[in-house]
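Undergrad: Quick one: this structure, given as structure tokens, is what I'll be asking you about.
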Amino acid sequence: MKPLVRNLILLLLMLASSGLAIALKPTQRIADHGPRIDLQAVVPRQFGDWKIDPLLIPVSVSPDVQERLDAIYDQTLARTYVNSRGQRVMLSIAYGGDQGSDKTQVHRPEFCYAAQGFQLSKSFENEVAMATGGLPVRRLAAVQGTRNEPITYWITVGDQVALPGISRKLLQIRYGITGKVPDGMLVRVSSIGDQAPTAYALHDEFIKDMLAAATADDRVRLAGRAAR
């Protein structure tokens, strides 16, 4: 094949690919067409054996990191709960109305903790055993000085849970093909202590109590269809 012909074919393929990408670019934000979520109302201030503890505040971020997060998230919620046994759990939720691209999707906790100088380790995927099935989660530990913070988190894209990686990317593509831009959120639960297995069991207890206290629709927003 002559170079001129080959170059012309490549040019036509590039133009066709560009046109297809534009045609398939999702434009309909699901968040703009459904009921608006209110994180303050979705998660009760008291449920089960848990109530808000105003004395312990979840880890904060530096002003420059917060500025970047504010550009991504539409709403955030940060609370600490304590039970009758004196056990404390920190809850952090970040909601974003645009989960259609890597630039606008919610950030993994690993990034925020690393930006604050934490060392991260022991990351693995797991499940919280729900009555309706397993809730996929990721566990890890963040350490800074004497502070040891086991973490459990998951991410939603639309009405599905998708952990970071190929599953989240496939969900984004699936929505994109339909022309829709999904919303989604990051739900993070953590506690202070150096016994990770005990901490994760406490996290599971808290998560199940929190979801049990939510309405059916709010459970779907928080933890996907499997939590209905």
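Undergrad: So, of the residues in the range 106-142 that are of a type in the set (Val, Ile, Thr) and out of contact with any Asp or Glu (no Cβ under 9 Å at 6 or more places or on another chain), which turns out to be nearest to Val189 (Cα to Cα)?
TA: Val106
Undergrad: Okay, moving on. Of the residues that sit in the range 130-144 and are small (Gly, Ala, Ser) and surrounded by fewer than 18 Cβ atoms within 10 Å (Cβ to Cβ), which one is farthest from Ala114 (Cα to Cα)? Quick ask: steps written out before the conclusion?
TA: Keep residues of the range 130-144 that are small (Gly, Ala, Ser), which gives 131, 133-134, 141-142.
Now narrow it down to the ones that are surrounded by fewer than 18 Cβ atoms within 10 Å (Cβ to Cβ): 131, 133-134.
Working: Ala131: 34, Gly133: 32, Gly134: 29 Å.
In this case the residue turns out to be Ala131.
Undergrad: For the range 182-228, name all the residues that are out of contact with any helix residue (DSSP H, G or I) (no Cβ under 9 Å at 6 or more places or on another chain), within 21 Å of Leu140 (Cα to Cα) and among the aliphatic types (A, V, I, L, M).
TA: Those that are out of contact with any helix residue (DSSP H, G or I) (no Cβ under 9 Å at 6 or more places or on another chain), within 21 Å of Leu140 (Cα to Cα) and among the aliphatic types (A, V, I, L, M): Ala196, Ala199, Ala201, Leu202.
Undergrad: Which of the following residues is surrounded by fewer than 13 Cβ atoms within 10 Å (Cβ to Cβ) and under 28 Å from Val220 (Cβ atoms): Glu110, Glu125? Steps first, please.
TA: Numbers: Glu110 fails: surrounded by fewer than 13 Cβ atoms within 10 Å (Cβ to Cβ).
Checking each option against the conditions leaves just Glu125.
Read the figures in this text as sums done on the coordinates, not as results from a lab. Since this is a predicted model, take the numbers as computed values, not measurements. So basically every Cβ, Gly included, is an ideal-geometry build from the backbone, and we count neighbours across all protein chains shown.
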